[in-house]
Amino acid sequence: MTKKGKVISKHKYTFWEKIYYPEIMKGVGVSLKHFFGNIRKRKYIPTLQYPEEKQEYPEIFRGRHRLMEREDGSLRCVACMMCATACPAECIYIESEETDDKNIEKKAKVFVIDELRCVFCGLCVEACPTDAIRMDTKEHVPPEYSREAFVYDMEMLLNKAGKSIAIQGGDPNYILNPKK
Amino acid sequence: MITIILWALLKIVIIVGFTMAMAALLTITDRRESSMIQDRLGPNRAPLFSSEVWNVTGKIRLIGIVHVIADALKMIFKEDFAVKKGNKFIHTISPILAFSPGLVILAVIPFGGTTAGGLSFQITDFGPGVLFAFAFASLGVYGIALAGWSSNSKFSLLGGIRATSQMISYEVALGLSLMGIFLIFGTLNLGEIVQGQQALNANGTPDLLFGFLPKWGLFLQPFALFLYFAAATAETKRAPFDVPEAESELVAGFFTEYGSMKMGAFLFGEYIEVIIFSMMFTTMFLGGYHLPYLYSDGFHFFGHNLEINATLVAMIQLFTFFGKVIFVAWFHLVIRWTLPRFRYDQVINLGWKMLFPAALLNMAITAIVLTFIK
């Protein structure tokens with residue numbers, strides 16, 4: 001009859017392992033290494049103390065939206081509806097109006113994003129031909145008490161606004177060297 | 001007369017105050033130290049003054065010490081419940097029974113030398129001090145066994161039984177491991193044991209081992225040190241000997257059915273036991289309150305003498321003792337957070353089959369060596 005199954009050899013304890021104390025001292029050595037390493041410099045502790053220490057989000061993080069302005073402070077949005085069309089969650093609502101500016105056809109009168117419906121896919125940012133909408137705030141949408149409060153109007157979207165000097169079609173330097 | 005009473009009261013305030021404060025601090029030290037060993041941050045967030053209520057900028061957190069106050073407040077204000085079918089009277093008194101015997105042991109522990117006026121830092125200096133300490137250390141298990149019985153819960157009962165059998169098993173090894181010390185110093189009086197560990201010869205020269213080591217139990221009985229440390233750790237019922245609690249097997253062991261400050265008393269009693277253990281260990285093996293080469297009339301360092309007032313020496317010794325106790329308690333916690341828990345049968349096997357014969361052997365060898373030396 002052939003033997004079936006694997007024969008597992010038992011660990012033979014040496015004399016020094018049997019009397020236990022040297023092994024305890026080895027373990028205590030490991031404990032002390034971590035204790036003294038952590039008590040002075042937090043050498044091995046990866047924990048971040050959240051409200052005081054925050055982790056830097058990566059550059060490509062898609063946070064809450066913001067609208068951008070031109071050099072003269074006017075809204076960059078030309079109400080072309082590209083973002084609202086691209087949006088898979090259908091959370092963007094835009095109403096347009098006439099503008100005096102001869103270079104553009106129209107501008108946005110109402111620009112509303114429902115942050116609860118938004119899936120933060122970033123398609124609106126990619127669709128925008130004028131770099132009017134961005135998701136680079138690195139911010140989460142803060143908690144609110146009502147659903148209505150999550151519907152951000154133009155004022156909310158503009159309070160983080162920055163002047164965009166974007167080149168139409170994106171900055172090739174940024175794409176080639178994302179770290180910069 | 002009035003001086004003696006006042007001095008006695010002062011001594012009680014010093015030693016009980018130190019023990020209580022250290023036991024309270026050990027609760028947070030235990031948690032922070034374990035976190036440091038396990039690469040966590042641990043509890044460090046409870047603020048002393050909430051900036052919203054007190055209108056102070058910044059939060060005073062004192063590396064987490066405020067958690068002691070927060071925990072105590074939480075436990076005091078929790079509902080005080082008792083099990084319906086348990087024995088309510090015994091259920092209520094058993095935390096007190098488990099908690100108080102430890103404090104009685106403080107009466108015989110010498111925690112400082114004698115001042116110039118002849119006042120000693122020991123509450124009662126009486127002959128069988130060690131026996132008194134052991135007797136009251138064992139009494140603590142009554143509270144635990146009764147807590148297990150009166151809770152009317154299988155887990156609690158098992159915890160109580162485990163605590164009892166563990167106490168019986170390790171009490172033997174505990175007593176026998178110290179026999180060598182008693183043989184060497186020829187006394188059971190804790191004060192005399194400490195004085196014997198660092199005494200002056202009749203001609204005023206220091207009585208040293210091999211001419212340079214103080215005669216501490218650490219150097220005279222190195223083998224007994226390990227045996228005593230293991231046996232006394234088992235007596236404190238902390239890991240690796242925490243089978244009476246054994247979270248993974250018995251929920252919380254004997255205090256499963258306890259809540260509020262009653263459970264707090266059990267936990268606090270455990271830390272008091274750690275402090276008492278550290279004090280006994282210091283007294284037996286680390287020369288008690290002695291600083292190396294410092295005697296009651298000053299330093300004697302290989303022929304160089306430095307005269308110091310006896311009262312000042314007593315004060316230095318007081319702080320030396322507290323420092324040693326804190327160190328031993330800290331090291332005890334390191335051991336506690338290094339080793340995993342023994343299985344129940346391993347605990348009993350270790351006590352009866354290894355520590356007990358080893359302690360007997362140590363006693364026999366010490367007796368034979370002493371017979372040939374003297």
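The values are calculated or read from the model by the stated rules, or taken from the named source; none is laboratory data. Keep in mind it's a predicted model, so treat the numbers as computed, not measured. Cβ atoms come from the backbone with ideal geometry, glycine included; neighbour counts cover every protein chain shown. The area values use the complete protein model at the heavy-atom level, side chains included, leaving out ligands, DNA and RNA. Shrake-Rupley method; radii C 1.70, N 1.55, O 1.52, S 1.80 Å.
The residue of region A:7-50 that is most open to solvent (accessible area, probe 1.4 Å), among those that are within 14 Å of B:Glu33 (Cβ to Cβ) and facing chain B (nearest Cβ under 7 Å), is A:Ile39.
Against the numbered list (1) over 30 Å from B:Ile335 (Cβ atoms); (2) within 14 Å of chain B (Cβ to nearest Cβ), A:Met68 comes up short only at (2). For region B:1-59, filtered to residues that are among the aliphatic types (A, V, I, L, M), open to solvent by 50 Å² or more (accessible area, probe 1.4 Å) and closer than 18 Å to A:Glu52 by Cα, the residue that is modelled with the lowest pLDDT is B:Val56.
Assessment of region B:335-344 against the conditions (under 30 Å from B:Ile76 (Cα atoms), within 14 Å of chain A (Cβ to nearest Cβ) and at pLDDT 85 or above) yields at least one matching residue.
Taken over region A:86-139, the criterion of being part of a strand (DSSP E or B), touching a helix residue (DSSP H, G or I) at 6+ places or on another chain (Cβ under 9 Å) and either within 21 Å of A:Lys163 (Cβ to Cβ) or open to solvent by less than 60 Å² (accessible area, probe 1.4 Å) (or both) is satisfied by A:Ile92, A:Ile94, A:Ala108, A:Val110, A:Phe111, A:Val112, A:Ile113, A:Asp114, A:Ile133, A:Arg134.
Of the residues making up region B:276-302, just one is open to solvent by 20 Å² or more (accessible area, probe 1.4 Å) and modelled with pLDDT of 85 or more, namely B:Leu286. Considering B:Ala358, B:Ala329, the condition of being open to solvent by less than 70 Å² (accessible area, probe 1.4 Å), touching a residue at least 24 places away in the same chain (Cβ under 8 Å) and either more than 14 Å from every other protein chain (Cβ to nearest Cβ) or of a type in the set (Phe, Trp, Tyr) (or both) is satisfied by B:Ala329 alone. In the set (1) open to solvent by less than 60 Å² (accessible area, probe 1.4 Å); (2) farther than 14 Å from A:Leu67 by Cα, the condition left unmet by A:Cys83 is number (2). Which residues, counting only those in region A:51-78, are among the hydrophobic types (A, V, I, L, M, F, W, C), in a loop (DSSP other than H, G, I, E, B) and either touching a residue at least 60 places away in the same chain (Cβ under 8 Å) or loosely packed, with under 15 Cβ neighbours inside 10 Å (or both)? Residues satisfying the conditions are A:Ile60, A:Phe61, A:Met68.
Run down A:Ile8, A:Ile60, A:Ile94 and say which single residue is of a type in the set (Val, Ile, Thr) and at pLDDT below 85.
Just one listed residue meets the conditions, A:Ile60.
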